Amino acid sequence: MNKIKLELLSPAKNLETGIAAIDCGADAVYIGAPSFGAREAAGNSIEDIEKLVSYAHKFWAKVFITVNTIIFDDELEEVRQLITSLYDIGADAVIFQDMAILEMELPPIPLYASTQTHNYELERIKLLDELGIKRIILARELTIEEIKNIKKEVSAELEFFIHGALCVSLSGQCYMSHELSGRSANRGECAQNCRLPYSLVDANNNVLVANKHLLSLRDLNLSSYLNDLVDAGITSFKIEGRLKDVSYVKNITAFYRQQLDDIIKNNPQYEKASSGYSVIPFEPDPEKTFNRGFTSYFVNDRGDDVSSHDSPKSKGKYLGKVTSVAKDGFLIGTTDKIVNGDGICFYDETETLLGMSVNKVEGQKIFTKELLGIKTGTKIYRNFDFAFDKELGKECRRKINVEIIFKELADGFSISAVDEDGVAVTKEFSAAKEPASNSAQALETLKKQLFKSGSTIFNVAGVKIETISAFFFPVKVINEWRREILDLLEQERIESYQRETFEKKLSTAKVGNLDYKANVVNQLSQQFYHKLGAESIEPGFELQKDFSNKTVMTCKYCIKDELGLCPFDTDKKVAEPLHLVNGSTKYRLVFNCKDCLMEIIRA
């Protein structure tokens, strides 16, 4: 029976970060194309992507490229040529949003449906599956039970976010940034207006909540739900963060590598989606790198708080409370070691997050440049761990186990190398058969030198010597033989790597008329939907002129629920409609309690 491959998918801001992610155990990485990626600030050159692909394929790891913005008519040919170039350099898949891509004449590169393709409702997901889409990246708002139901209905691979920042809006249906600034999230230019402070005002103009980050969510952490997600049918586990630095990616990748390895170790029906193992020189800990506090979001239905109302910034790991304050510093009750250079923070009386650097530590006493009003009882967090950051600077190494067999031939010798995937190479060498004066020492030297692997991607896990008698070989010669055979094996691994292909299928599904939330901004996308029966297609938001009374966000997150005002849970009443206000900007909130959704409408 074929085992099910479980894939750890990590983000890559650039070539350096992508290589680091693979070294730390990622089975695949996703990286932005030079343009048309949903993170405009994370574009990469074709040359760098090609280098990353070459490195990844040594470990049979994959590289996926994001081309997941909406596309205007005058850009269609540029996108077609870009995807062709990505195929030519060996990329494993393109992550897309715009349905125009399905109408293009493209090489057979697999297409993965981004969360921006609205993979929230079953019918939409089934349509993509019928079209032959290799993988569907599910919306982050789905529950375990909803994922199980989806898996029963589709044959496509299912990918799910397990860690990182959360968009408060359903993916692909956020227009707030474009409406306010002309910077479209669906064009990779999100201004993150959701992280701004807003006041919640009722119909009588009473301020219910003043100047809080009411749309800012905590960061996702589903490390406690990995087994549940595997059982539900998820095979690709995705870490968010194409704008995150290399230290963050190393830490979070290494952490989830350990988690998935434990699942694979205890469940023989599963295996890693790539080769080798990673040597990690630090103990990974998600709390020690950037986070806004963690939430499981809706994976277990509405199980915990999901928002970060007080601040959109990273507060890091909780250390303890202040036990006393002096003029030059303060004491903290904690079992954690604090060192010079640490960054610490706390919430003041106005619930504003304030931060400072640690200048000196004596026992439990912390000295800083200024105290910023710290009082006894204040909770202290560490948002920069100096010692841990130094540990993260150490190099992770990825290795593939290999066995070397040394044989005597009639007119020389041969060396074979067989790796953990069964990839094998053999090379014959001509050499004089000079008997060794000390047989035991000669065999020991031969074996010792063949066991070395140095800076290669291999770890020699076993050596077999198959000779009739012991011979003398200079150490320099043995080393040359070993280097040659390992170089050949690495090349053979790259050449034996097999890419998947894609062939679009016809769908019998039908769609009705579409509004601007379908994000149709070009003729090919219109053509796609017309073929499926759509007669009326409203132009996408980015082509609209008048935004008044338009829904700029659709959210499963609900402010009333977060504030304990859900009508299903309390008899408390508020005068509606409620509004979010930031300066002169005002939004009306509409609560669709039947479908448990909240809409944010430009007032």
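Worth pointing out:
- Complete set of residues in segment 416-471 that are surrounded by 15 or more Cβ atoms within 10 Å (Cβ to Cβ), over 35 Å from the mean Cα position of the chain (by Cα) and more than 20 Å from Glu484 (Cβ to Cβ): Ala436, Ala442, Leu443, Ala470
- Meets criteria (buried (at least 23 other Cβ atoms within 10 Å of the Cβ) and either part of a helix (DSSP H, G or I) or in contact with a Phe, Trp or Tyr (Cβ under 8 Å, 6 or more places away or on another chain) (or both)) for Glu159: yes
- Number of residues in segment 187-222 that are among the basic types (Lys, Arg) and under 16 Å from Met176 (Cβ atoms): the value is 2.
- Looking at Lys365, Lys337, Lys390, just one residue is without any contact (Cβ under 8 Å) to a residue 60 or more places away in the chain, touching a Leu at 6+ places or on another chain (Cβ under 6 Å) and among the charged types (D, E, K, R), and that residue is Lys365.
- When segment 286-343 is limited to residues that are among the basic types (Lys, Arg) and in a loop (DSSP other than H, G, I, E, B), the one that is surrounded by the fewest Cβ atoms within 10 Å (Cβ to Cβ) turns out to be Lys327.
- Single condition Leu243 does not satisfy, out of (1) touching a helix residue (DSSP H, G or I) at 6+ places or on another chain (Cβ under 8 Å); (2) at pLDDT 95 or above; (3) among the hydrophobic types (A, V, I, L, M, F, W, C): (2)
- Test: Glu576 is part of a loop (DSSP other than H, G, I, E, B), among the charged types (D, E, K, R) and touching a residue at least 24 places away in the same chain (Cβ under 8 Å): yes
- Which listed residue is assigned to a strand (DSSP E or B) and surrounded by fewer than 19 Cβ atoms within 10 Å (Cβ to Cβ), from Lys51, Lys5: Lys5
- Number of positions in segment 503-519 that are loosely packed, with under 13 Cβ neighbours inside 10 Å and among the aromatic types (Phe, Trp, Tyr): 0
- If you go through segment 111-150 and keep only what is more than 20 Å from Val299 (Cβ to Cβ), of a type in the set (A, V, I, L, M, F, W, C) and assigned to a helix (DSSP H, G or I), you end up with Leu127, Leu128.
- Complete set of residues in segment 221-275 that are assigned to a strand (DSSP E or B) and either surrounded by 15 or more Cβ atoms within 10 Å (Cβ to Cβ) or in contact with a His (Cβ under 6 Å, 6 or more places away or on another chain) (or both): Asn221, Ser236, Phe237, Lys238, Ile239, Tyr270, Lys272
- Arg382 vs. criteria in contact with a helix residue (DSSP H, G or I) (Cβ under 6 Å, 6 or more places away or on another chain) and not hydrophobic (A, V, I, L, M, F, W, C): no
- Members of segment 170-218 found to be in a loop (DSSP other than H, G, I, E, B) and on the phi > 0 side of the Ramachandran plot, listed by number: Gly172, Gly182, Gly188, Gln192, Asn205
- In the set (1) surrounded by 13 or more Cβ atoms within 10 Å (Cβ to Cβ); (2) touching a residue at least 12 places away in the same chain (Cβ under 8 Å); (3) over 26 Å from Asn519 (Cα atoms), the condition left unmet by Phe568 is number (1).
- Residues of segment 376-417 satisfying the condition of being under 17 Å from Val249 (Cα atoms) and among the acidic types (Asp, Glu): Asp385, Asp389, Glu391, Glu395
Residues are listed down the side, and each one gets a yes or a no for (1) touching a residue at least 12 places away in the same chain (Cβ under 8 Å); (2) buried (at least 20 other Cβ atoms within 10 Å of the Cβ); (3) within 22 Å of Tyr516 (Cβ to Cβ); (4) in the same structural domain as Gly422 (by TED's automatic domain parsing):
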site	(1), (2), (3), (4)
Ala56	yes, yes, no, no
Asp73	yes, no, yes, no
Arg80	yes, no, no, no
Asp88	yes, no, no, no
Pro107	yes, no, no, no
Tyr112	yes, yes, no, no
Leu128	yes, yes, yes, no
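- Within segment 33-45, one or more residues are buried (at least 18 other Cβ atoms within 10 Å of the Cβ) and in a helix (DSSP H, G or I).
- Scanning segment 249-280 for residues that are free of Cβ contacts under 8 Å to residues at least 60 places away in the same chain and closer than 19 Å to Thr17 by Cβ turns up just one, Phe255.
- Taking the criterion of being within 13 Å of Leu450 (Cβ to Cβ) and part of a loop (DSSP other than H, G, I, E, B), the only residue of segment 470-489 that qualifies is Phe473.
- Sole residue being at pLDDT 95 or above and within 21 Å of the chain's Cα centre (by Cα), chosen from Ile71, Ile65: Ile65
- Yes/no for Leu524 being surrounded by 14 or more Cβ atoms within 10 Å (Cβ to Cβ), within 32 Å of the chain's Cα centre (by Cα), outside the structural domain of Ala28 (by TED's automatic domain parsing) and modelled with pLDDT under 95: no
- Within this structure, Thr467 passes the test of being hydroxyl-bearing (Ser, Thr, Tyr), within 25 Å of Lys448 (Cβ to Cβ) and outside the structural domain of Ser275 (by TED's automatic domain parsing).
The values are calculated or read from the model by the stated rules, or taken from the named source; none is laboratory data. Computed from a predicted structure; not experimentally measured. When we count neighbours, we look across all protein chains shown, and the Cβ atoms used for this are built from the backbone with ideal geometry, even at glycine.
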